[in-house]
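No value in this document is a laboratory result; all are computed from the given coordinates. Everything quoted here is computed from the prediction, not taken from an experiment. When we count neighbours, we look across all protein chains shown, and the Cβ atoms used for this are built from the backbone with ideal geometry, even at glycine.
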Amino acid sequence: MQNVTPKWLQSGLVLVCERCFKERIPEEDPDVAARIGDFHLRNWLKERLKADGRWGAIRAISTSCMDVCARGRVTVCIQPHQGEPTVLVVDPVAEREALYDAIVEKLRG
């Protein structure tokens, strides 16, 4: 076993529930799924973090179910390196900019 120090220990992680996108929204809310289309929140966050020079210190990763479900929404956990996490359920399209701002505020990456 070997200890490592990843770059994201500087700020933290953003965990995005993959199950919300792939299973729950299409099965439970087809109208929401149609509105979202092929948009993928984690990929958008990754590209946005890269464009703003924050990728590395902040990582957005996909997770399985976090057992915090809300119809038509995606569960996101903002987990700082130190401190308490923030768990949100968000509209992945309409609230993505507000989510990004919350991530930057919480993680100060």
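A few points about this structure:
- Helix 96-107 axis, angle to the chain major axis (alpha carbon atoms, nearest 10°): 20
- Estimated 222 nm signal from helices in the chain, with DSSP H stretches of n ≥ 4 weighted -39500 (n - 2.57), rounded to 500: -8500 deg cm²/dmol
- For the chain, the Cys residues with no second cysteine's beta carbon closer than 4.7 Å are Cys65, Cys69, Cys77.
- For the chain, the relative contact order works out to 38 percent when only alpha carbon pairs closer than 8 Å and six or more residues apart are counted.
- Stretch gain in nm, segment Lys22-Glu97, where the contour uses 0.36 nm per residue and the Cα spacing is subtracted: 24.9 nm
- Helix 41-51 and the long axis of the chain differ in direction by around 40°, with both axes built from C-alpha atoms.
- Counting neighbouring Cβ atoms within 10 Å and putting the fewest first, the residues Ile61, Ile103 line up as Ile61, Ile103.
- The chain shape via C-alpha gyration tensor axes, a/c threshold 1.5: prolate
- Counting only lysines at least 8 places from Lys50 when in the same chain, those with an alpha carbon closer than 20 Å to its own are Lys7, Lys106.
- Exposure proxy shown here: for Lys106, Lys50, the number of other Cβ atoms within 10 Å sets the order, fewest to most, as Lys50, Lys106.
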